[in-house]
Amino acid sequence: MSGLRAIILVCLTAFFLGTLCTHWTADSLTMWNPPLTPEHLAAAAVYYKNLASIAPSMLYVLAGLAAAGLLVLLTNFWDPREASLFDWASLFLYGFSGFIYLYSVIPSILRFASYAPPSGPSSTDFPLALRAPLLELASSHLFCSVALTGVIFLQGGRWWAEGEDETWDRGAEERRRLLKGKGRGGDGAEGHGKGGAHAGKRRSGRRRKGLLRGLRGGGSQ
């Protein structure tokens, strides 16, 4: 069951990571493509203007999938004894991504809903008030992408660690069986040795009695 939960969580996390990668077309213009020109800022602003006007139903789908991923992650904590460090770290990174997206990404995107493209190529055509939100969006998407990648790696590490534990348990059980078998064989050999010693003592006792009878008989003659 834990393996199924890990697979579902990895699939959902990979989906969200893919949606963040779609913003690369805008974020690459503001963070990864120096120098920062008004044309780059305007192109990124137009992208986020279109993103701010998407249908609300798509946002509900994304919110539902995010809640499903959080629920799957929380099911690992039903039994605190089964929760591992991988689960706690995954919960922290998943929650960190959700916090950044709710309190930084979404408000910044909504600021471009009323954006109008510039009419000229000069630097004064792009609003200076929207310059910082564009850079903040690029950095926030980077933080969320790194955090979600960490969730995927942590769940992979959890699956590997559980497989190693099962292999170790099987090996320990096999070693216990071998030790029990050797103990039984040693007890049998020890029993045979004791039986042979008793038989040898009986035979030597008979020989001594026979010699005594012979000596007595010779003396009487």
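The values are calculated or read from the model by the stated rules, or taken from the named source; none is laboratory data. What you see is a predicted model; the values in this text were computed from it and never measured. Cβ atoms come from the backbone with ideal geometry, glycine included; neighbour counts cover every protein chain shown.
State whether the residues of segment 93-108 include one that is more than 30 Å from Tyr47 (Cα to Cα) and surrounded by 13 or more Cβ atoms within 10 Å (Cβ to Cβ).
no
Which of the helices (runs of 4 or more DSSP H) found entirely inside segment 1-75 contain at least 1 residues meeting this: under 26 Å from Gly157 (Cα atoms) and touching a Lys or Arg at 6+ places or on another chain (Cβ under 8 Å)?
2-21, 56-74
Among the residues in segment 122-142, are any crowded, with 18+ Cβ neighbours inside 10 Å, at pLDDT below 95 and not in a helix (DSSP H, G or I)?
Yes: one or more hits.
Return yes when Glu39 is of a type outside the set (A, V, I, L, M, F, W, C), in contact (Cβ under 8 Å) with a residue 24 or more places away in the chain and in contact with a helix residue (DSSP H, G or I) (Cβ under 8 Å, 6 or more places away or on another chain) and no when it is not.
No.
Looking at the structure I just gave you, is Gly95 under 19 Å from Ile8 (Cα atoms) and either in contact with a Leu (Cβ under 6 Å, 6 or more places away or on another chain) or not in a helix (DSSP H, G or I) (or both)?
no
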